[in-house]
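The values are calculated or read from the model by the stated rules, or taken from the named source; none is laboratory data. Everything quoted here is computed from the prediction, not taken from an experiment. Reconstructed Cβ throughout: ideal geometry from the backbone, glycine too, with neighbour counts over all protein chains shown.
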Amino acid sequence: MFAIESFNVAKLYKGSNKKALDDISLKIESGKISTLLGRNGAGKTTFVRICSTQLLPTSGKVLIFGDDVVSSPEKIRKIVSIVPQEGRPLRALTPWDHIYNWLKIRGECNNSASKKTSDILNRLDLYIAKDVPVLNLSGGMKQKILVGMAMATETPLLFLDEPTIGLDPVSRRQVWSLIKDWKNKGRTIVLTTHYMDEAELLSDSIFIIDKGKVISKGTMTNLRNTLNYQIRVDINESFKYNNRNIKDLFFSFGKIIDISSNSIRLFTYESNLKEISELAMKSNLSFAVSPITLDDIFVNLLGEIPID
């Protein structure tokens, strides 16, 4: 069974002529990590909110483990949990208060709620601050409280909407470890993120959304194959050599994307590297060579560097 199935889902907010979602149909496998990628306003959060029964679709249908989000919201709320993008912990409560009380609200007994709260606080390095009011905690610790509240519930389906925003590198890796453990226990995760390295590391499948539509989907291997090139070269006109446009020098080697007024990104093949490097050095241009990444796939699909 699929964890999520959507059929021609559209969402139009009152007072707007632009659809936040425009005829989205997709299927998300259970027991997998699926990531929704897109720039701000692409429709990712709207889709997550519909799937988690926070919003009604304007048209179309969404099924969660076979149940309709419109006709069976109470049933679905018992089996999903979410870290909302706009969520904020309450200033007067402690990390322990947030997680323990949330588990109690969801029906856990005292012993189970206490054990799960201790476990998740330890996993997120929050136990030492378990009795400290939120108003005295850092922004990163506040974000980890929200992650802890959602993941402590151990529901079959978890929505993580920008879960690592504002976290330092160590904290991000702690959250990644929890996400991997969640999947290894047979649960399903739907992730939205602007961190390409995060999506590339964690995802079993990726759905790229732009202007309310799914414009590409598949595994990382599938998505790499859409680019058709093997490597990227970032070329920077850091030292003025002549007045010739740097795009004119390299256009014959592959696909060029503007990065700034004096920098370009070139998608090309390994066989062109020797000639490209010789031309760049002759023209007094600095350059860097990298393998194709998820960020490059974005650039190829959208035709520009994604800026949020």
Among residues belonging to the stretch 261-280 that are closer than 13 Å to Asn236 by Cβ and of a type outside the set (D, E, K, R), point out the one that is surrounded by the most Cβ atoms within 10 Å (Cβ to Cβ). Leu266
All positions within the stretch 256-269 that are in a loop (DSSP other than H, G, I, E, B) and either modelled with pLDDT under 80 or farther than 17 Å from Ser290 by Cα (or both): Ser261, Asn262
So the helices (runs of 4 or more DSSP H) completely within the stretch 186-255 holding 1 or more residues that are closer than 27 Å to Pro156 by Cα are 196-202, 220-227
Conditions: (1) assigned to a loop (DSSP other than H, G, I, E, B); (2) surrounded by 15 or more Cβ atoms within 10 Å (Cβ to Cβ); (3) within 25 Å of the chain's Cα centre (by Cα). Glu108 meets all but one. Number of the miss? (3)
Enumeration of residues in the stretch 39-79 that are in a helix (DSSP H, G or I) and among the charged types (D, E, K, R): Lys44, Arg49, Glu74, Lys75, Arg77
Determine whether the stretch 127-142 contains at least one residue that is touching a residue at least 40 places away in the same chain (Cβ under 8 Å), in a helix (DSSP H, G or I), under 30 Å from Ala10 (Cα atoms) and not charged (D, E, K, R). no
Of everything in the stretch 165-219, what is surrounded by fewer than 16 Cβ atoms within 10 Å (Cβ to Cβ) and among the β-branched types (Val, Ile, Thr)? Give them in sequence order. Ile165, Val170, Ile215, Thr219
Of the candidates Val9, Val48, the one satisfying the condition of being without any contact (Cβ under 8 Å) to a residue 60 or more places away in the chain, of a type in the set (A, V, I, L, M) and closer than 30 Å to Asp296 by Cβ is Val9
May I ask you to list the residues in the stretch 270-292 that are farther than 27 Å from Met220 by Cβ and either in a helix (DSSP H, G or I) or at pLDDT 90 or above (or both)? Lys274, Glu275, Ser277, Glu278, Leu279, Ala280, Met281, Lys282
Conditions (1) closer than 30 Å to Met196 by Cβ; (2) in a loop (DSSP other than H, G, I, E, B); (3) aliphatic (A, V, I, L, M): number failed by Ile82: (2)
Any residue in the stretch 64-87 that's within 16 Å of Lys44 (Cβ to Cβ): show its pairings with residues that are assigned to a loop (DSSP other than H, G, I, E, B) at Cβ separation under 7 Å, as long as the two are six or more apart or on different chains. Ile82/Ser52; Val83/Pro163; Gln85/Glu162
